[in-house]
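Working notes, beginning with the structure itself.
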Amino acid sequence: MTAAARNWKAMLAGGQARLETAGIDEAANKLRWVAAHLLGCGLLDVLRHLDGIPPPGLAARFEDAVARLETDEPVQYVIGETDFMGLRIRCDSRALIPRPETEVLAGWAEEFLRGKAAPAAVDVCTGTGCIACALAKHVPGARILATDISPDALDLARANARALGADVAFLQADLLAGVADASMDLVVSNPPYVSTAECHRLDRTVRAFEPRLALDGGEDGLRVISRLVSEAARVLTSGGRLMMEIGDDQAGAVTEILCKTNLLKFLGLKSDCAGRARVALAARIPACR
Ligand SMILES: C[S@@+](CC[C@H](N)C(=O)[O-])C[C@H]1O[C@@H](n2cnc3c(N)ncnc32)[C@H](O)[C@@H]1O
């Protein structure tokens, strides 16, 4: 059987052998994801195509994908997209790949905005724009601004908003610089929160491919979070909310930061489906007259 004439079953088996030899985790799952993407079907539907022989162009794209996966490149960058809150989000090395745990944060943000008429929200550190786009698509009437310090990430976020028809305004800024005082009902953010030392210990698939700027939260991992807390207090309306994703070992430290802040009231922590506290919530205390 020639390479071009192999069916999907043989191509998947051959790719799996190559990835396993290269020591790549979850080889079979990643390859099935690639096949589903190329076939334009769901992951389970790949099984129905196993006996089919792909046209040479598709077979070549599959082989290219195997070669990229062999270097430990994340499968989401290889196929160029991922799912987030039911939306297809384009992904590439300009921004962090949206993670399932960030859907917990976006879900709480969405619920808060839904209870308000024409709310204004800012997604700080937007990356691919996944949170901002989800809020714009899921909360009709919400005015959504998204900021990032990286112009490359913002280009990708703009492309996502365009592709999804999500009405989001974008601003290149260091956190909330340039955002007016008392102008936002919600500040939502998944900031960089990995300590510099931990960044060096991350899996190669993250460390070598995802932007360092998206991960590194400084020596203690709290550098950006601490600045964000004080800046959020400035831009929030009275009673407005701050919602931040935090590292799974940062609940105590972030609670302390929030409790020390005069202008915010710490409201609590929310957990992911594994029961780990991953979202911190606070409310802007009404200003004294
Ligand atoms: C953890 S990623 C989050 C991306 C996206 N919101 C998500 O949840 O998938 C953090 C993002 O923060 C941006 N960033 C880092 N430092 C920043 C700063 N000082 N001001 C604004 N954005 C910053 C990075 O460029 C990166 O896109």
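The values are calculated or read from the model by the stated rules, or taken from the named source; none is laboratory data. Fair warning: this is a prediction, and the values are worked out from it, not measured in the lab. FYI the Cβ positions are ideal-geometry reconstructions off the backbone, even for glycines, and counts take in every protein chain you see.
The helices (runs of 4 or more DSSP H) falling completely within the stretch 169-278 that include 3 or more residues that are modelled with pLDDT of 95 or more and more than 20 Å from P98 (Cα to Cα) map to 196-201, 223-235, 251-260. When the criteria are applied in full, P74 fails the requirement of being within 11 Å of the ligand (Cβ to nearest atom), within 22 Å of C130 (Cβ to Cβ) and buried (at least 19 other Cβ atoms within 10 Å of the Cβ). Quick check on V104: is it of a type outside the set (G, A, S) and either in contact with a Pro (Cβ under 9 Å, 6 or more places away or on another chain) or in the same structural domain as A159 (by TED's automatic domain parsing) (or both)? Spelling it out, V104 is indeed of a type outside the set (G, A, S) and either in contact with a Pro (Cβ under 9 Å, 6 or more places away or on another chain) or in the same structural domain as A159 (by TED's automatic domain parsing) (or both). Please determine whether any residue of the stretch 188-201 is away from the ligand (no atom under 15 Å from the Cβ), of a type in the set (S, T, N, Q) and surrounded by 14 or more Cβ atoms within 10 Å (Cβ to Cβ). No, the stretch 188-201 has no match at all. Sub-9 Å Cβ pairs linking a first residue in the stretch 98-111 that is closer than 14 Å to D248 by Cα to a second residue that is assigned to a helix (DSSP H, G or I), at least 6 apart or interchain, are T102/C130; T102/I131; L105/I131, ordered by first then second residue. Scanning the stretch 143-166 for residues that are more than 14 Å from L87 (Cα to Cα) and either of a type in the set (D, E, K, R) or not assigned by TED's automatic domain parsing to the domain that holds V187 (or both) yields a total of 5. The condition of being among the aliphatic types (A, V, I, L, M) and more than 31 Å from the chain's Cα centre (by Cα) holds for only one of A22, A28, A17, A10, that being A10. Taking the stretch 217-242 as the range and being touching a helix residue (DSSP H, G or I) at 6+ places or on another chain (Cβ under 9 Å) and away from the ligand (no atom under 12 Å from the Cβ) as the test, the residues that pass are E219, D220, L222, V229, G240, R241, L242. Sub-8 Å Cβ pairs linking a first residue in the stretch 205-220 that is of a type in the set (A, V, I, L, M) to a second residue that is more than 9 Å from the ligand (Cβ to nearest atom), at least 6 apart or interchain, are V206/P74; A208/D72; L215/C199; L215/L202; L215/V206, ordered by first then second residue.
Taking the criterion of being under 19 Å from D152 (Cβ atoms) and charged (D, E, K, R), the residues of the stretch 90-119 that qualify are R90, D92, R94. Residues in the stretch 51-66 that are exposed (fewer than 13 other Cβ atoms within 10 Å of the Cβ) and free of Cβ contacts under 8 Å to residues at least 24 places away in the same chain were compared, and the one that is nearest to the chain's Cα centre (by Cα) is D64. Contact map, the stretch 252-280: residues that are in contact (Cβ under 8 Å) with a residue 12 or more places away in the chain paired with residues that are acidic (D, E) and loosely packed, with under 15 Cβ neighbours inside 10 Å, Cβ distance under 6 Å, separation 6+ or inter-chain. Pairs shown: R276/D248.
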